[in-house]
Amino acid sequence: MIRFIPGSNTTAAMWLVKLLVPVLRNYYIAMKVVLQQLFGQAFLLPVFSRQDGKVAIVTGGSKGIGYCTAKHLASLGMHVIIAGNNETDGNEAVTRIQQDTLNEKVEFVFCNLASMKSIRNCVQNFKAKNLDLHVLVNNAGVMLAPEGRTEDGFEEHFGVNYMGHFLLTNLLLDTLRKSGTNNYNARVVTVSSATHFTGQVNFDDLQSSHCYSAHGAYAQSKLALVLFTYYLQHLLTVEGSHVTANAVDPGVVNTDLYKHVWFPGKIVKWMTGWLLLKSSEEGAVTSIYTSVSPDLEGVGGCYLYNGERIKSADVSYNIEIQKKLWTESCKMAALPVPS
């Protein structure tokens, strides 16, 4: 999960900073969150009113946090569309949710976030249904994956976690705008994590081509999602759209995302996960809350953890960095760059 290519100007100190520091910082943040979860008070979802007639898309809704989010939204009467890259898992999730919620308006659409072409096809297929879109939950992701590239040449964390959702959201914005009203804003809910506090957006090497660290790449992708959320809200506010954008932190959750963790870490997770980590249901509560809570009607540009608005990393509020990342992302996704 770590690769280093030495160059003429590299030093041992630079190697330590670029490769080992992200590991230490990520695990430090993770331990802080675990302790908060262990000794803090868990957030309990309030009872929400029915959401009949509303439409939601949840990426990665076949398993884990995404599945629990999709299931809860379906239980409220929403028409829920699970977007994922495994048709078998997706259809099985649809069947289970339909049976458990007695809501037949649950379906699967194929969307591989590692492929710009697949994302565009997914949006085209969705728009062919002539549905509104009231909630988009950008949930899917990869974590600590070995070095790899997406179909379009992006580093995997940056490409799947960030660029995939950046393109998907932008392509769906017109539908979200049409669906929002004076009385009900459409919502974009993007799942980041506390790891974003350790992230740095390296504009000189966004694809981690020179010095690869899975921990650093993951943290960068999660920070990029927060920067994206804040700048999206800025643009939506300027244009007066009835759409809000918020980022959420699910906490440290016991899901399949840990499959790339080093073997000793897997042993520790297996032995202590039941006590220290949140269940998928617990991890989904803030996503669900942000998707439908009347307390957040018309409220955007927030970072939420455990059902509360909290302060994100200082750098995430830097409007110049937000704008620069947005501009570079538009170029990489072949989208118009806003003036």
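Some points to look at:
- Inter-residue pairs, beta-carbon under 7 Å, first touching a residue at least 12 places away in the same chain (Cβ under 8 Å) and in the stretch 296-319, second among the hydrophobic types (A, V, I, L, M, F, W, C) and in a loop (DSSP other than H, G, I, E, B), 6+ apart: ASN306/PHE43; GLY307/PHE43
- Single match in THR190, THR181, THR195 (criterion: part of a helix (DSSP H, G or I) and not charged (D, E, K, R)): THR195
Each row is one residue, and each column tells you yes or no for (1) open to solvent by less than 70 Å² (accessible area, probe 1.4 Å); (2) within 13 Å of GLY283 (Cβ to Cβ).
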| residue | (1), (2) |
| --- | --- |
| LYS32 | no, no |
| LEU44 | no, no |
| VAL47 | no, no |
| GLY53 | yes, no |
| ALA56 | yes, no |
| THR59 | yes, no |
| GLY64 | yes, yes |
| HIS72 | yes, yes |
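- ASP152 closer than 20 Å to GLN51 by Cβ, open to solvent by 20 Å² or more (accessible area, probe 1.4 Å) and touching a residue at least 12 places away in the same chain (Cβ under 8 Å): no
- Residues that are surrounded by 21 or more Cβ atoms within 10 Å (Cβ to Cβ) and in contact with a Phe, Trp or Tyr (Cβ under 9 Å, 6 or more places away or on another chain) within the stretch 117-136 comprise CYS122, LEU133, HIS134, listed in sequence order.
- Once the stretch 162-194 is narrowed to residues that are among the small types (Gly, Ala, Ser) and surrounded by fewer than 24 Cβ atoms within 10 Å (Cβ to Cβ), the residue that is nearest to LEU227 (Cα to Cα) is ALA194.
- ARG187 meets the stated requirement of being of a type in the set (Lys, Arg) and closer than 25 Å to GLY53 by Cβ.
- So VAL243, is it under 14 Å from the mean Cα position of the chain (by Cα) and either among the hydroxyl-bearing types (Ser, Thr, Tyr) or surrounded by 24 or more Cβ atoms within 10 Å (Cβ to Cβ) (or both): no
- Counting only residues that are of a type in the set (Val, Ile, Thr) and either within 17 Å of the chain's Cα centre (by Cα) or on the phi > 0 side of the Ramachandran plot (or both), the stretch 62-103 holds 4 of them.
- Residue check, GLN207 surrounded by fewer than 21 Cβ atoms within 10 Å (Cβ to Cβ), in a loop (DSSP other than H, G, I, E, B) and touching a strand residue (DSSP E or B) at 6+ places or on another chain (Cβ under 9 Å): yes
- Strands (runs of 3 or more DSSP E) enclosed by the stretch 227-339 - at least 2 residues per element that are at pLDDT 95 or above, under 30 Å from SER49 (Cβ atoms) and polar (S, T, N, Q): 243-249
- Selection status of ALA42, under 22 Å from HIS134 (Cα atoms) and among the hydrophobic types (A, V, I, L, M, F, W, C): no
The values are calculated or read from the model by the stated rules, or taken from the named source; none is laboratory data. Keep in mind it's a predicted model, so treat the numbers as computed, not measured. Every residue, glycine among them, receives a Cβ derived from its backbone with ideal geometry; neighbour counts consider all protein chains shown. Accessible surface areas use protein heavy atoms only, side chains included; no ligands, DNA or RNA. Shrake-Rupley method; radii C 1.70, N 1.55, O 1.52, S 1.80 Å.
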